[in-house]
């Protein structure tokens, strides 16, 4: 792959360690608790536990002063200028730059400047690209985005789906999966299941691409067969009021809980008492919600979009249905609720699948990639 001009930087390794010593990790942190923010926070914690020095440059740091966040357009400058300064300073001490990247304005405002500063500083940059909208983004923005991506030392993606999306643009990628904490999201001995009053959960933010409206319409159909069923939707977002209104219009508001944002321990507790997880999204890649449900011993019904067919073996570790189809989502959910043996088989297969996303499985992939780019492979003059 083409690489940055100039030196790729150098990194020393701690005694007895098998990885470079310093990582400049660039990405978002919760809140809001989206997939990329959760992965950034988790990766920083795990790398530090390995003995690496991780300097985290947060792309969504709180506005300073706070009132700046209430000013449209201007607020972008109040976040961007301090961000660029933090990038410059963080990269001045050397290391490998690990850039959590996404589509849209997030790329142009945060990822592109980080790549350019890494090049000026002479550091190797690993683009860790994620998100289900990459195909649409690249189709529209390839002229601007692809040449800059080619200057990275490496591009890592969490799924074979994104690898296939990038390939037509001549961008070589390697798959490094998302990480799920198997200790936090584990089947608890005290886990509560509800054969007569099933508890369904949706753990996606309240945004249009996650199509929680379809989940509500499916749940209304499920309630017709399981009158005591209840639904918890965990997340925040701009569609909160519209979704609450939809639940009222469907006559299911009393059975639906909008929990808002949950911390990691609270999310684990929610899975521990769930019977089924619905993933109604219209755009997706490798959703953390599916990994967490697998690890927690919760059966999954998901839409067949984006990277889901690459992640899930339909009928083996989850059930896939067409997007935007509440009847199909409800039928698949009801079939599993009525067949405990089949649901148990899906749960067992899901738990096995989750092992591929544990830190012991993913750790050597990241450390080998860091070593390679720090050593100059793929980074020449």
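Just so you know, all these numbers are worked out from the coordinates, no wet-lab data involved. What you see is a predicted model; the values in this text were computed from it and never measured. Neighbour counts run over all protein chains shown; Cβ positions are idealised from the backbone, glycine included.
Structural remarks
- Angle in degrees between helix 340-354 and the longest Cα principal axis of the chain, rounded to the nearest 10: 10
- Counting every alpha-carbon pair across the stretch 148-191, the share separated by more than 15 Å comes to 56%.
- Segment residue 241-residue 81, length gained on full extension (0.36 nm per residue, minus Cα span): 54.3 nm
- Residues residue 248 and residue 164, FRET efficiency given R0 of 41 Å [Cβ-Cβ distance, rounded to 0.05]: 0.50
- With helices as the sole contributors, the chain gives -12500 deg cm²/dmol at 222 nm; each DSSP H run of n ≥ 4 counts as -39500 (n - 2.57), and the sum is divided by every residue.
- Translational diffusion of the stretch 141-227, µm² s⁻¹ [Kirkwood Rh, Cα pairs; Stokes-Einstein; 10 °C; 1.306 mPa s]: 90
- Extension gain, residue 228 back to residue 208 (0.36 nm per residue minus Cα-Cα distance, nm): 4.4 nm
- Principal semi-axes in Å for the chain [√(5λ), Cα gyration tensor, largest first]: 38, 23, 19
- In plain terms, if you count all Cα to Cα distances in the stretch 258-318 and split them into 5 Å steps from zero, the share in each step is 4, 18, 29, 24, 17, 8, 0 percent.
- Between the stretch 22-58 and the stretch 257-282, the C-alpha centres lie 22 angstrom from each other.
- Shape category assigned to the stretch 286-352 from the gyration tensor of Cα positions, a/c cut at 1.5: oblate
- Long-range tail of P(r) for the stretch 22-176 (Cα pairs > 24 Å, %): 32
- Projected onto their three principal axes, the Cα atoms of the stretch 226-335 cover extents of 35, 32, 29 Å, largest first.
- Theoretical FRET efficiency, 1/(1+(r/R0)^6), r = Cβ-Cβ of residue 368 and residue 61, R0 25 Å, to 0.05: 0.25
- The stretch 234-366: relative contact order in percent, alpha carbon pairs under 8 Å with at least 6 residues between: 20
- Maximal additional length on extending the residue 269-residue 133 stretch stands at 45.9 nm, based on 0.36 nm per residue less the C-alpha distance.
- Choice from 116, 231, 329 with maximal GNM fluctuation in the chain (Cα, 10 Å cutoff): 116
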